[in-house]
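Student: Before I ask anything, let me first share the structure, which is written out below as structure tokens.
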Amino acid sequence: MSGPVRVVEEVVPLRDDESPVSVGGTGWAVRSRAWELTLRSVGYRRVAGVDEAGRGALAGPVVAAAVILPDEFSSEGVDDSKRLTPAQREDAYDRIMAGAVSVAVGLVEHGEIDRVNILEATKRAMIHAVSTLQPSPDFLLTDAVVLPGAWPLWALIKGDRRVLPIAAASIIAKVTRDRLMIGYHEHYPAYGFAVHKGYGTPEHLASLHRFGACAIHRRSFQPVINAEEGATSRTRAARVAPVADHAQ
């Protein structure tokens, strides 16, 4: 079934201090499923939420997730991943994986991000996730990203704070990517990836300026370019090498 692409900005108002975790109860449960109910009333049955993690990081992949939830799935504890603690995200991740109709993940690595730009890489990761969902979705709700392809969609501004399946996708993407970055920390411990997950924290920027970029840094991103340009020949020669992977 084909249909319109629509970018929705403020159809459902949301206060800055209002989140599923803080509000809870029937109000959030109803509001967060309203988009799906509207779509089902006109014939759509498999509505997927789509979101990403890592778009603004300086290192590592961008990861996208697509999630289809059953009608009976509870909204309890599910929110925009950025508004949850790591422990809350892990709990929600387990519940989503156990209770969803379908979950799929796509990722694009740092090298491809540098070749095609981060927006295009994000779209590719999302398309991969959506394409591998089983059963296949017939409508998409995305967090403000319009995707090419055959799927009709609504791109919702702040969708991860307003729509339950998008919030669920944000959690799956975030937990998946965090686990990958913790793994990279074992190879490149000098950069602190286990702590900041590749984002541009002061500690990460300090490591970049001290050691230069490592193999998983996004060399098209300006802070990485600046660090590389500022590194001295001596620092480059002493750059931290990856630690051997003892698990292999």
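Student: For the stretch 82-107, which residues satisfy the criterion of being within 15 Å of residue 67 (Cβ to Cβ), in a loop (DSSP other than H, G, I, E, B) and either within 14 Å of the chain's Cα centre (by Cα) or of a type in the set (D, E, K, R) (or both)? Even if it seems obvious, please write down each step before you answer.
Tutor: Of all residues in the stretch 82-107, those within 15 Å of residue 67 (Cβ to Cβ) come to 89, 92-106.
Then drop every residue that is not in a loop (DSSP other than H, G, I, E, B), which leaves 100-101.
Once the filter is applied, which keeps residues that are within 15 Å of residue 67 (Cβ to Cβ), in a loop (DSSP other than H, G, I, E, B) and either within 14 Å of the chain's Cα centre (by Cα) or of a type in the set (D, E, K, R) (or both), the stretch 82-107 yields nothing.
Student: Among the candidates 87, 92, 59, single out the residue that is at pLDDT 95 or above and exposed (fewer than 12 other Cβ atoms within 10 Å of the Cβ). Show your work before the answer.
Tutor: Values: 92 fails: exposed (fewer than 12 other Cβ atoms within 10 Å of the Cβ); 59 fails: exposed (fewer than 12 other Cβ atoms within 10 Å of the Cβ).
It is 87.
Student: Answer yes or no: is there a residue in the stretch 192-203 that is among the β-branched types (Val, Ile, Thr), assigned to a helix (DSSP H, G or I) and surrounded by 16 or more Cβ atoms within 10 Å (Cβ to Cβ).
Tutor: Our first condition is that a residue be among the β-branched types (Val, Ile, Thr); within the stretch 192-203, this holds for 195, 201.
Checking which are assigned to a helix (DSSP H, G or I) leaves us with 195.
Next, only the ones that are surrounded by 16 or more Cβ atoms within 10 Å (Cβ to Cβ) stay: none.
So far as the stretch 192-203 goes, no, none of its residues is among the β-branched types (Val, Ile, Thr), assigned to a helix (DSSP H, G or I) and surrounded by 16 or more Cβ atoms within 10 Å (Cβ to Cβ).
Student: Hey, any hits in the stretch 126-136 for a residue that's buried (at least 18 other Cβ atoms within 10 Å of the Cβ), farther than 26 Å from residue 181 by Cα and in the same structural domain as residue 93 (by TED's automatic domain parsing)? Give the derivation first.
Tutor: Filtering the stretch 126-136 down to residues buried (at least 18 other Cβ atoms within 10 Å of the Cβ) leaves 126-127, 129-130, 133.
Narrowing further to those that are farther than 26 Å from residue 181 by Cα: none.
No.
Student: Residue 135 versus (1) more than 17 Å from residue 147 (Cβ to Cβ); (2) touching a helix residue (DSSP H, G or I) at 6+ places or on another chain (Cβ under 9 Å): which is the lone unmet condition?
Tutor: In the conditions (1) more than 17 Å from residue 147 (Cβ to Cβ); (2) touching a helix residue (DSSP H, G or I) at 6+ places or on another chain (Cβ under 9 Å), residue 135 misses (2) alone.
Student: Sticking with this structure for a sec: I'd like the residue in the stretch 137-160 that is more than 16 Å from the chain's Cα centre (by Cα) and closer than 20 Å to residue 38 by Cβ and, out of all such residues, is surrounded by the fewest Cβ atoms within 10 Å (Cβ to Cβ).
Tutor: Quick first cut of the stretch 137-160, residues more than 16 Å from the chain's Cα centre (by Cα) only: 137-139, 148-154.
Now drop any that are not closer than 20 Å to residue 38 by Cβ, which leaves 137-139, 151-154.
Details: 137: 27, 138: 19, 139: 21, 151: 21, 152: 17, 153: 23, 154: 22.
Restricting to residues being more than 16 Å from the chain's Cα centre (by Cα) and closer than 20 Å to residue 38 by Cβ, the top hit is 152.
Student: How many residues are buried (at least 24 other Cβ atoms within 10 Å of the Cβ) and under 10 Å from the mean Cα position of the chain (by Cα) if we restrict to the stretch 46-56?
Tutor: So the count comes out to 5.
Student: Here's something else I'd like to know. For residue 206, only one of the following conditions fails: (1) farther than 21 Å from residue 61 by Cβ; (2) free of Cβ contacts under 8 Å to residues at least 40 places away in the same chain; (3) assigned to a helix (DSSP H, G or I); (4) assigned by TED's automatic domain parsing to the domain that holds residue 30. What is its number?
Tutor: Among (1) farther than 21 Å from residue 61 by Cβ; (2) free of Cβ contacts under 8 Å to residues at least 40 places away in the same chain; (3) assigned to a helix (DSSP H, G or I); (4) assigned by TED's automatic domain parsing to the domain that holds residue 30, the lone unmet condition for residue 206 is (4).
The values are calculated or read from the model by the stated rules, or taken from the named source; none is laboratory data. Only a predicted model underlies this, so the values are computations on that prediction, with no experimental measurement involved. With ideal geometry, Cβ positions are generated from the backbone for all residues, glycine too; neighbour counts draw on all protein chains shown.
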